[in-house]
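Engineer: Quick one: the structure is below, and I'll ask about it shortly.
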């Protein structure tokens, strides 16, 4: 296996676990939905068992997602700067808006979790614009600083978390319908993103 294959393998395992937790399901719950043993599911999540395509298809269905979303990789253009429209005195951030989008302004004071196991994944896409301060966006093993007037866009199937760096930051978060559902409280405590 190449390093890229190892990274994708680890990412898929984290997504399976994060999606299971986002649904509020135990290992037994998901194992029953996927018709595999809880011990097999545990080994899949923890890297003790090889990932097979037929298992990924079954797990994707059981997790109410698609195989494409389960194995989607990150794009390199996560953070973007605003476009200045000098003629109209406006600053614009390119965001693809669809019906069902939710926009929330948040003040963040805590840094993102330092434990990668606490990152969460769920179907959907998110966008954020930092209004003041500096935010830190964790996407899998990658860390991005998003400063005032910068924006970020990412698929939420990547395990992720957002926090502040060096003091409070104000963030405008935009969630598509699937991402918003992924932020509904579950039975297990999860970090906000």
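The values are calculated or read from the model by the stated rules, or taken from the named source; none is laboratory data. Because the structure is a prediction, the values reported are computed rather than measured. Neighbour counts are summed over all protein chains in view; Cβ atoms, including those assigned to glycine, are modelled from backbone coordinates with ideal geometry.
Engineer: Take the range 147-162 and flag every residue that is in contact with a strand residue (DSSP E or B) (Cβ under 7 Å, 6 or more places away or on another chain) and under 20 Å from residue 176 (Cα atoms).
Structural biologist: 150, 151, 152, 153, 154, 155, 156, 158, 159, 160, 161, 162, listed by residue number.
Engineer: Has the range 75-85 got any residue that is surrounded by 15 or more Cβ atoms within 10 Å (Cβ to Cβ), at pLDDT 85 or above and touching a strand residue (DSSP E or B) at 6+ places or on another chain (Cβ under 8 Å)?
Structural biologist: Within the range 75-85, none of the residues are surrounded by 15 or more Cβ atoms within 10 Å (Cβ to Cβ), at pLDDT 85 or above and touching a strand residue (DSSP E or B) at 6+ places or on another chain (Cβ under 8 Å).
For (1) surrounded by fewer than 19 Cβ atoms within 10 Å (Cβ to Cβ); (2) modelled with pLDDT of 80 or more; (3) touching a strand residue (DSSP E or B) at 6+ places or on another chain (Cβ under 8 Å), each residue gets a yes or a no:
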{"site": "17", "(1), (2), (3)": "no, yes, no"}
{"site": "25", "(1), (2), (3)": "no, yes, no"}
{"site": "48", "(1), (2), (3)": "yes, yes, no"}
{"site": "52", "(1), (2), (3)": "yes, no, no"}
{"site": "59", "(1), (2), (3)": "no, yes, no"}
{"site": "65", "(1), (2), (3)": "no, yes, no"}
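Engineer: Residues that are under 13 Å from the mean Cα position of the chain (by Cα) and surrounded by fewer than 16 Cβ atoms within 10 Å (Cβ to Cβ): list the strands (runs of 3 or more DSSP E) wholly contained in the range 104-171 that include at least 1 such residues.
Structural biologist: Correct list: 142-147.
Engineer: Being at pLDDT below 65 and either in a helix (DSSP H, G or I) or farther than 30 Å from residue 133 by Cβ (or both) is the requirement here; does residue 94 meet it?
Structural biologist: It is false that residue 94 is at pLDDT below 65 and either in a helix (DSSP H, G or I) or farther than 30 Å from residue 133 by Cβ (or both).
Engineer: Taking residue 169 as meeting all but one of (1) at pLDDT below 85; (2) closer than 15 Å to residue 106 by Cα, write down the number of the exception.
Structural biologist: (1)
Engineer: Show the residue pairs meeting these rules: Cβ distance below 7 Å; 6+ apart or different chains; first residue within the range 139-150 and on the phi > 0 side of the Ramachandran plot; second residue loosely packed, with under 15 Cβ neighbours inside 10 Å.
Structural biologist: Every condition considered, the pairs that remain are 149/82; 149/91.
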